[in-house]
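Chemist: Below you will find the structure I want to go over with you.
The values are calculated or read from the model by the stated rules, or taken from the named source; none is laboratory data. Note that the structure is predicted; figures quoted are calculated from it, not measured. Using ideal geometry, Cβ is built from the backbone for each residue, glycine included, and neighbour counts are taken over all protein chains shown.
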Amino acid sequence: MTAEKDLHALLATIHPVLREGEFVYVLWPHGKALAGGIAAAVREAEGLTVVLPRAEADRLGLSYDFVGAWITLEVHSSLEAVGLTAAVGTALAAAKISCNVLAGFHHDHLLVPVADTERALEVLHELAADSGRPRPAAVQVLRSEQPADRPAILALTAAAFAVSPLTGLPVEGEPEEVGLLRRLFDCADYLPEFSIVAVLDGEIVGHVISTRGRVGELELLGLGPIGVLPRLQRHGIGSALMKETVVRANAAGERGIALLGDPDYYARFGFVPSTSLGVEPPDPAWGVHFQLLPLAVWPGGVSGTFRYAGPFNEPSGVA
C-alpha cells in the first residue's frame, strides 16, 4: 500500500478510531525486564519511557501523572508527509485539548486527556469533514464595506465568535464582538475605507475593521474584530483581509496598526510586541499579545499608552 503524502488528502481521510482502555506514560525502572503489555517505548539518555494500559501500570506499581485516551488516525501516511501533525495539533489546540503524538510505520496515534476524549474525536471528525470539502476558490473580491452589507457582516461575526477564542467554549447568547461592531459602525472613529469585506461567489465570507486609535496625539489604527465564516477558516481569507488592510494603511499614510491577538500568528504580517516600539497596551495584562505593526511612515520615538476608539471602552466592548 502506497503511503499518502498530500496533506489535503491525509486530512480528509484521517478517520480517528478510539482504542479501548486508558493509557499512561511511565518511566520504566532501570534493569527491569519489559512486561505489562507495553504499547510504545522511547529510549532517551535519561531512561526508557513506555506507554501501557493504566491497569497494567497499577498492577506493576508504576507511578504516572497523565491518563490518556488513545486515538489512531487510520490513514496510511508517509513518514515524509509534511504538515499532518501540525494540522491535527493546531485543531486540537484551538479546542484547548493537549495531545501527545506517536508516529508508527502505518499510522499516527494521539494520546489526549481522558476527560477530552469525546471533544477530541469531534474536532478530528470536523477537521476531516472540512478537508474533504472542495477547496474554496481564491477570494474573488476584497472591497470596502457598504451599509447594505452590515446585516451579513453582523451574522458572519456572530458565527465566527460563537465559540470563544479565549475559553474554547460555546458563547451563550450574542457574542460581544457583534455589539462592539455595531457601535464601531456608528462611532466618530469609524473609517469607511478600513472596514473591508471578503466576497466569495457573491457571499460575504470575511470582514475586518480598523478604527482610529491614538497614542497621545499620534493617530494610529486599532484593528479588530476580524472574522471569517467558520466553514472557510484556515483557507487564507483572514490573511487576505490582513494584507489588504496593510496595503490600504500604507497607501493612506497611516503610521501603524495595533491589535490584540496571538503573537505567533500575527508575526507573519510583521507585528511585534507594542512595548518594543514604546507603546503600552491599554491593559498591562495583555503583555506581548498586544502588538503593533510600524508602517512606512512610522515616526519613531513614540511613547505612551494606546487608546482604542470609544466603543472598546464601553462595558461590553472587547479588543
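Chemist: With the structure loaded, tell me whether Pro225 is touching a residue at least 60 places away in the same chain (Cβ under 8 Å) and either among the aromatic types (Phe, Trp, Tyr) or surrounded by fewer than 13 Cβ atoms within 10 Å (Cβ to Cβ) (or both) or whether it fails that test.
Modeler: On the way: touching a residue at least 60 places away in the same chain (Cβ under 8 Å): yes; either among the aromatic types (Phe, Trp, Tyr) or surrounded by fewer than 13 Cβ atoms within 10 Å (Cβ to Cβ) (or both): no.
So Pro225 does not fit the description; no.
Chemist: Let me ask something additional. Yes or no: the range 269-286 includes at least one residue that is over 26 Å from Leu200 (Cα atoms), among the aromatic types (Phe, Trp, Tyr) and in a strand (DSSP E or B). Write out each step before concluding.
Modeler: Start the filter on the range 269-286 by keeping residues that are over 26 Å from Leu200 (Cα atoms), which leaves 270-286.
Still in the running and among the aromatic types (Phe, Trp, Tyr): 271, 286.
In the following step, the residues that additionally are in a strand (DSSP E or B) were identified as none.
The answer is no, given that none of the residues of the range 269-286 is over 26 Å from Leu200 (Cα atoms), among the aromatic types (Phe, Trp, Tyr) and in a strand (DSSP E or B).
Chemist: Which of the numbered conditions does Ala87 fail, given that it passes all the others? Conditions: (1) under 30 Å from Leu220 (Cβ atoms); (2) in a helix (DSSP H, G or I).
Modeler: Among (1) under 30 Å from Leu220 (Cβ atoms); (2) in a helix (DSSP H, G or I), the lone unmet condition for Ala87 is (1).
Chemist: Now a separate question. With respect to the numbered conditions (1) more than 20 Å from the chain's Cα centre (by Cα); (2) within 18 Å of Ala258 (Cα to Cα), which one is the sole condition not fulfilled by Glu172?
Modeler: Condition not satisfied by Glu172: (2).
Chemist: Can you name the residue in the range 234-255 that is of a type in the set (S, T, N, Q) and in contact (Cβ under 8 Å) with a residue 40 or more places away in the chain and is also nearest to Gly179 (Cα to Cα) among such residues? Let's see the steps before the verdict.
Modeler: Step one: filter the range 234-255 for residues of a type in the set (S, T, N, Q), giving 239, 245, 250.
The next check asks that each one be in contact (Cβ under 8 Å) with a residue 40 or more places away in the chain; those that pass are 245, 250.
Numbers: Thr245: 22, Asn250: 29 Å.
It comes out as Thr245.
Chemist: Can we say Leu166 is modelled with pLDDT of 95 or more and either in contact with a strand residue (DSSP E or B) (Cβ under 9 Å, 6 or more places away or on another chain) or closer than 30 Å to Ala86 by Cβ (or both)?
Modeler: Numbers: modelled with pLDDT of 95 or more: no; either in contact with a strand residue (DSSP E or B) (Cβ under 9 Å, 6 or more places away or on another chain) or closer than 30 Å to Ala86 by Cβ (or both): yes.
Answer is no for this residue.
Chemist: I'm checking my understanding of the structure. Among residues of the range 240-268 that are of a type outside the set (Lys, Arg) and part of a loop (DSSP other than H, G, I, E, B), which one is nearest to the chain's Cα centre (by Cα)? Outline the logic, then answer.
Modeler: Pass one, the range 240-268, residues of a type outside the set (Lys, Arg): 240-242, 244-247, 249-254, 256-267.
Remaining after also requiring part of a loop (DSSP other than H, G, I, E, B): 252-254, 261-262.
Details: Ala252: 30, Gly253: 31, Glu254: 28, Gly261: 10, Asp262: 8 Å.
Within the range 240-268, the match that is nearest to the chain's Cα centre (by Cα) is Asp262.
Chemist: Within the range 92-107, count every residue that is within 19 Å of Ala40 (Cβ to Cβ) and in a loop (DSSP other than H, G, I, E, B).
Modeler: Matching residues across the range 92-107 total 6.
Chemist: Still on this structure: Can you name the number of the only condition in (1) surrounded by 14 or more Cβ atoms within 10 Å (Cβ to Cβ); (2) under 15 Å from Thr72 (Cα atoms) that Gly104 fails?
Modeler: (1)
Chemist: Take Val208 and tell me if it is touching a residue at least 40 places away in the same chain (Cβ under 8 Å) and hydrophobic (A, V, I, L, M, F, W, C). Before the answer, list the steps.
Modeler: Values: touching a residue at least 40 places away in the same chain (Cβ under 8 Å): no; hydrophobic (A, V, I, L, M, F, W, C): yes.
Considered against the rule, which asks whether it is touching a residue at least 40 places away in the same chain (Cβ under 8 Å) and hydrophobic (A, V, I, L, M, F, W, C), Val208 comes out as no.
Chemist: Considering Glu244, Glu280, which residue is surrounded by fewer than 20 Cβ atoms within 10 Å (Cβ to Cβ), modelled with pLDDT of 95 or more and either under 20 Å from Ser144 (Cα atoms) or among the hydrophobic types (A, V, I, L, M, F, W, C) (or both)? Steps first, please.
Modeler: Values: Glu280 fails: either under 20 Å from Ser144 (Cα atoms) or among the hydrophobic types (A, V, I, L, M, F, W, C) (or both).
None of the other options fit; the residue is Glu244.
Chemist: For a quick check of your reading: which strands (runs of 3 or more DSSP E) sit entirely within the range 1-81 and have at least 1 residues that are modelled with pLDDT of 95 or more? Full working, then the answer.
Modeler: Details: elements: 16-28, 40-44, 47-53, 67-73.
Once the strands (runs of 3 or more DSSP E) in the range 1-81 are filtered for at least 1 residues that are modelled with pLDDT of 95 or more, what remains is 16-28, 47-53, 67-73.
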